[in-house]
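Working notes, structure below.
Since every read-out is calculated from the coordinates, none of them should be taken as a lab result. From a predicted model like this one, the values you see are computed outputs, not experimental measurements. FYI the Cβ positions are ideal-geometry reconstructions off the backbone, even for glycines, and counts take in every protein chain you see.
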Amino acid sequence: MTTRPQLSEPETQADGPLGRSGLRQLHEWAAAHRARARAAEIVAALRGEGGEVVRNPHLHQEWAQAIVRAPRLLNAVQDVIGPDVAVENTFLVVKWPGRDFEVPWHQDGINDRLELDPERSVAAWIALTDTDTESGCLHVVPGSQRTGYLPYEAEPDTGAARGRALGVRVGDSTHGVAVPVRAGSGLLMDTRLVHCSHSNIRAGARVGLNIRYVAPGAVSMRDGSSPSLSPLSGTGW
Ligand SMILES: O=C(O)CCC(=O)C(=O)O
């Protein structure tokens, strides 16, 4: 069971670049049949090992490089954070049918390594398969970005590489809103928006790609180092 968030913290921060909800639908960054075909290839490649997570596929896989640059996606991102855009991180999640894989409540813009300026960054969640409540679509808490970044739990070094335990400690009474997304579409989220996903109980694999896009100066590394970024547009790098 995933803990339900109770955002008792006062809303002290501005709406942010995506407005009051902290969320924007992104329609058809690719045709649905193309996204499903790509998902089928990814699933075929990962099926043998049963892999659930691929970290930073944009660094070494052509399909991910193409997705992060997809014109409709990039235009939507530029509309939010301006013309100079780089990728800070990508994270592919495959939810195999019937396998327990809950991604706990978390915010994308903060972790042990870094903190993202929510005015200069945006998270995209990209559906490569159709996702609904049964297949493990995202659940979000609209407006939760206004509480700012919350205390979070460090990701344990289990070796399982599932990217779990990104969880904020948010209590247990408020239910998030399920956001079904068709293959080839997606969501843009404020990097402070609280979200999670449940296990997939449908017959087919659910495939989604999380992308953190940043504008110049958005990333503060905890150790003071320079962030490792993949610039896509603009000259501010
Ligand atoms: O794909 C999922 O189910 C959740 C991914 C996610 O929330 C993330 O990578 O931040």
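Structure notes:
- Residue-averaged [θ]222 nm for the chain, counting only DSSP H segments that reach four residues, each worth -39500 (n - 2.57): -4500 deg cm²/dmol
- Prolate/oblate/rounded call for region 1-132, Cα gyration tensor, a/c under 1.5 rounded: oblate
- Here THR90, THR133, THR147, THR235 are placed in order of increasing Cβ neighbour count within 10 Å, fewest first, which gives THR235, THR133, THR147, THR90.
- Rounded to the nearest 20, the size of the Cβ-charge dipole of the chain about its Cα centre is 600 debye, with Lys and Arg at +1 and Asp and Glu at -1.
- Spin-label model, SER233 to ASP112: label points 7 Å out along the Cα-to-beta-carbon direction sit 3.5 nm apart.
- All-pairs alpha carbon distance profile, region 23-233, 5 Å steps from 0, percent: 1, 7, 16, 21, 22, 19, 10, 4, 0, 0
- Stretching the chain fully between GLU49 and THR12 yields a gain of 8.8 nm (0.36 nm per residue, less the alpha carbon separation).
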